[in-house]
Amino acid sequence: MLRYFRMLRERLQLTWGNKDMRVTLLFGLEGLMLQYVTSINGFGNNLYATNMGASDSQIGMVQLVLNLVAVVLLLPIGIVANRQRSSKTLPVAMLLFMGAMYFVYATVPEFGSNRIAFFFVFLGLTAGVLAVYNAQWQAFFGDAVEERKRNGVYSFRNRFMFLVGTVAPVICGLCMGTAVDSEGKLVVLRVFYYIAGALVLTQALILSRIPCPKRTDAEMAAIKRFSPREIGQALGQMATTRAFRSFFLCIMFFYLAWHLDWSMWYIGQTQYIHMTEAQLSYYNGLVCVGQLLTVGLFARLNERKTVHFSFIFAVLGHTFCSLAMLVGVNLPQGSQLIPFMAMGILGSVPQGCIQLCAVQMLLDVTPQRNRALIISLHTMVVTLSNAVMPYLGVQLYQALGADQHAMTLFALIALLARGSAALLFIWRYRHLKKAGRLHPTMP
């Protein structure tokens, strides 16, 4: 046994002594901690609000608040980051800020009758800022890792993230299942959010240890002062570049249809399918496993048939999820869970290729001039959709009567919207293929 630990120590020392391996390992650890926080946010934020007494309308505001904060901060943070000597400075500062805010977020249930108001304030200062951090991390990653090494480092990081993304929500759900009342469930969630705060602060320390080249004095002097005129120029390019305009209209229709039921999906799962916290965590874990097992398949499909073809499966998956909800809420109580989970997982697995495809499609049509600004503006519009549409979805459900009949009508509306998006991308793929604008990278 001592010999084994001695060999392990020697291998770790050898790995740490190699600069490239050290950077890869640091990014893996950074990704592990980020994924814990992201997974607990995705699994726990709605449950946190629910157990503090939030109404359906307030559940709809969860996505609204955190994404509005992101929309407000994206552009100014991007402008400030562009004038830093190192692209590492701002991400580390944001992590330190978020780490402190998670400790306050975990204390929100102690604020008595004001707990819901403070929940939304610190939701924006944690999950909202995290969305902006992800955008800045991409710029830092591009500076810190050479282009030829990025795929290897990113793949290594994703393996770390997958493990935590599967395990953390399951453990949290099982722990919540042992609590007998809402206050007990809040105690469990608070512990996980305190851990999130500690991990975010540790993540800042890890990120600060990753070497990143700094701009020279000449490069800093060459940076032009930001002018609002640049935004107008970028918007003009977005409107007049035909390929970008076509893609933007199609992808935004997809996002609007997708985001419509982000909050309603949770309401359907908990109030109509009657899923417990443990069952919600099992569902999320099985979706993560399915996406991991199929990511290689979609990567090869991208090479053989292009990202435009693969993306169709993601949109069809969304459509199938709406069908799963439509079927699930209308099955007899007690027989809903298994059919819904089976259909929901089947529909959710192809959605793992969304980012893999959407980013490449965006880069393919974005003009080179003002590219960074155009992508930022595009991200802001998508984030705004993610802020507004879930809230509007809940308002539509309540206007329909906020009962099982309303849930059925809502699921049918979502099914028609997503089905239309699927038909739109099928048409787009056929149009691009006919025009000779598809270029597979493998025979």
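The values are calculated or read from the model by the stated rules, or taken from the named source; none is laboratory data. Values in this document were obtained by computation on a predicted structure and should not be read as measured data. As a convention, Cβ positions derive from the backbone with ideal geometry for all residues, glycine included, and neighbour counts pool all protein chains shown. Side chains included, ligands, DNA and RNA excluded: accessible areas come from the protein's heavy atoms. Shrake-Rupley method; radii C 1.70, N 1.55, O 1.52, S 1.80 Å.
Which percent of the accessible heavy-atom area of region 45-200 goes to carbon and sulfur, probe 1.4 angstrom?
Working: 4220 of 6490 Å².
That fraction is 65 percent.
Rounded, prolate or oblate, given the Cα gyration tensor of region 48-102, with a/c below 1.5 counting as rounded?
In terms of gyration-tensor shape, oblate.
Which helices count as membrane-span-like in the chain under these terms: full DSSP H, at least 20 Å along the axis by C-alpha, Kyte-Doolittle mean of 1.0 or more?
Details: long enough: 2-17 (22 Å, -0.53); 19-51 (47 Å, 0.21); 56-82 (40 Å, 1.71); 89-105 (24 Å, 1.73); 129-144 (22 Å, 0.52); 147-177 (46 Å, 0.31); 182-208 (39 Å, 1.32); 242-259 (25 Å, 1.05); 277-305 (40 Å, 0.18); 307-328 (31 Å, 1.74); 371-399 (41 Å, 0.97); 404-434 (45 Å, 0.60).
Qualifying helices: 56-82, 89-105, 182-208, 242-259, 307-328.
Just read off the accessible area of Thr178 with the full protein assembly in place, 1.4 Å probe, to the nearest 10 Å².
Roll a 1.4 Å probe over it and Thr178 shows about 110 Å².
So what is the 222 nm mean residue ellipticity for the chain from helices alone, if each DSSP H run of at least 4 adds -39500 (n - 2.57) and you divide by all residues, rounding to the nearest 500 deg cm²/dmol?
Values: 18 runs with 354 residues, N = 443.
After summing the helix terms and dividing by the residues of the chain, the value is -27500 deg cm²/dmol.
Please report how far the C-alpha centroid of region 124-141 lies from that of region 266-337, rounded to the nearest whole angstrom.
26 Å
Quickly work out the Leu423-to-Val80 label distance, labels modelled 7 Å from Cα along the C-beta direction, and quote it in nm with one decimal.
In this crude label model, Val80 to Leu423 measures out at 4.7 nm.
Please compute the Kirkwood hydrodynamic radius of region 279-410 from all pairs of different C-alpha atoms, in Å with one decimal.
Mean inverse Cα-Cα distance, inverted, gives 17.1 Å.
Once the principal axes of the Cα atoms of region 174-274 are found, what is the range along each, listed largest first in whole angstroms?
The principal-axis extents, from largest down, are 61, 41, 21 Å.
At a 1.4 Å probe radius, which order do Leu123, Leu205, Leu73, Leu293 fall into by accessible area, largest first? Please report the intermediate quantities before stating the final value.
Values: Leu123 0, Leu205 110, Leu73 55, Leu293 135 Å².
The most accessible residue leads, giving Leu293, Leu205, Leu73, Leu123.
Please compute the modelled spin-label separation between Asp143 and Ser246, points set 7 Å along Cα→Cβ, answer in nm with one decimal.
3.7 nm
Could you work out how far apart the two model spin labels at Val187 and Leu363 are, taking each label as a point 7 Å from the Cα in the direction of the beta carbon, and quote it in nm?
Calculated label separation equals 4.9 nm.
Whole number in Å², please: accessible area per residue of the chain, 1.4 Å probe, ligands, DNA and RNA not counted. Write down the numbers at each step before the final one.
On the way: 21360 Å² over 443 residues.
On a per-residue basis, 48 Å².
Kindly rank 310-316, 353-359 from highest to lowest mean number of other beta carbons found within 10 Å of each residue. All intermediate terms of the calculation are to be shown ahead of the outcome.
Numbers: 310-316: 22.4, 353-359: 17.3.
Peptide ranking by packing, descending: 310-316, 353-359.
If you wrap region 252-340's Cα atoms in a convex hull and average its projection over all directions, what's the area in nm²? Walk me through the intermediate numbers first.
Numbers: hull surface 25.6 nm².
Convex hull of Cα atoms, orientation-averaged projection: 6.4 nm².
Are there any trypsin sites (Lys or Arg not before Pro) in region 164-255 that are in a DSSP loop and have at most 10 other Cβ atoms within 10 Å? List them by number. Write down the numbers at each step before the final one.
Values: sites: Lys185, Arg190, Arg209, Lys214, Arg215, Lys224, Arg225, Arg229, Arg242, Arg245; in loops: Arg209, Lys214, Arg215, Lys224, Arg225.
Filter output for region 164-255: Lys224, Arg225.
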